[in-house]
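What follows is one structure encoded as structure tokens, with my remarks underneath.
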Amino acid sequence: MTAEAVIELRDVSLTLGEGASSVHVLKGISLDVTAGETAGIVGPSGSGKSTLLMVLAGLESVDSGTVKIAGQLLNGRSEDEIAAFRGRTIGIVFQSFHLIPNMTALENVAVPLELAGHADPFGAAQRELAAVGLSERLTHYPGELSGGEQQRVAIARALAPSPRILIADEPTGNLDQATGRQIADLLFSEARERGTTLVLVTHDPALAARCSRQIAMRSGRIETEAPRLAVSA
């Protein structure tokens, strides 16, 4: 039985900017990622890695080609429709955390749950923060947390709505090596326990090597793919 594809891109192209400043960022990208897979996107700066993630998250619309996520075609949908779909289906972790500075850790995690109409957003947020080891930091503001703790809050926020897909853009990029390792351990263990598909962009070869599959990009194209491996996280 063939595993279900939760990400399906077909001949996707995208140009950013206009006129003389326009850049052809993605050039004919076709990609399938199956349910429960961990895929690491690697490549030099400017190769289109982060833009590809933004396309997967519905944060960038493509010029041509098709984008199907969790069985839903994103092409032609309104921004509001895509935002609602993203809230249910996709969790995103950024390099720079993107926490709301005047909200506590608990409030930051509860926000997407409230937006989704969750029956008990603060109870669920508390459970998610406990799952990432932050039971003692519920009432702390981002400025009172270390970088590693802020990223744990961001991971809890991304996972709180139980998304089918978790997207991470350089999730350890702003952290020291030891903290980065802890965050990587957390990402992979949580994705595995929940059966969540994990797609991450990284410059770190050690982090990429933990993925079951590596996708190398160069100049807006997928250059090579390492074979799918049963890699233990």
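The values are calculated or read from the model by the stated rules, or taken from the named source; none is laboratory data. Source: prediction; values computed, not measured. As a convention, Cβ positions derive from the backbone with ideal geometry for all residues, glycine included, and neighbour counts pool all protein chains shown. We work out accessible area using only protein heavy atoms, side chains counted, and drop any ligands, DNA or RNA first. Shrake-Rupley method; radii C 1.70, N 1.55, O 1.52, S 1.80 Å.
Please work out if residue 126 is open to solvent by 20 Å² or more (accessible area, probe 1.4 Å) and touching an Asp or Glu at 6+ places or on another chain (Cβ under 6 Å). No, not satisfied.
Any residue in the range 102-120 that is among the β-branched types (Val, Ile, Thr) and modelled with pLDDT of 95 or more? Among the residues of the range 102-120, at least one is among the β-branched types (Val, Ile, Thr) and modelled with pLDDT of 95 or more, which makes the answer yes.
Considered as a group, the residues in the range 2-28 that are among the charged types (D, E, K, R) and assigned to a loop (DSSP other than H, G, I, E, B) include one that is surrounded by the fewest Cβ atoms within 10 Å (Cβ to Cβ), and that residue is 18.
Answer yes if at least one residue in the range 36-46 is at pLDDT 95 or above, part of a strand (DSSP E or B), open to solvent by 10 Å² or more (accessible area, probe 1.4 Å) and touching a Lys or Arg at 6+ places or on another chain (Cβ under 6 Å), and no otherwise. No - not one qualifying residue is present in the range 36-46. Could you look through the range 52-77, keep only residues that are of a type in the set (Gly, Ala, Ser) and closer than 11 Å to residue 9 by Cα, and pick out the one that is least open to solvent (accessible area, probe 1.4 Å)? It comes out as 65.
As a summary of the residue check, residue 160 satisfies the conditions (1) more than 20 Å from residue 130 (Cα to Cα); (2) buried (at least 24 other Cβ atoms within 10 Å of the Cβ) except for the one numbered (1).
Right, residue 93: more than 23 Å from residue 114 (Cα to Cα), in contact with a strand residue (DSSP E or B) (Cβ under 8 Å, 6 or more places away or on another chain) and aliphatic (A, V, I, L, M) or not? So residue 93 does not fit the description; no. From the list 97, 85, which residue is within 17 Å of residue 200 (Cβ to Cβ) and either part of a loop (DSSP other than H, G, I, E, B) or without any contact (Cβ under 8 Å) to a residue 40 or more places away in the chain (or both)? Step by step, each of 97, 85 is checked, and only 97 is within 17 Å of residue 200 (Cβ to Cβ) and either part of a loop (DSSP other than H, G, I, E, B) or without any contact (Cβ under 8 Å) to a residue 40 or more places away in the chain (or both).
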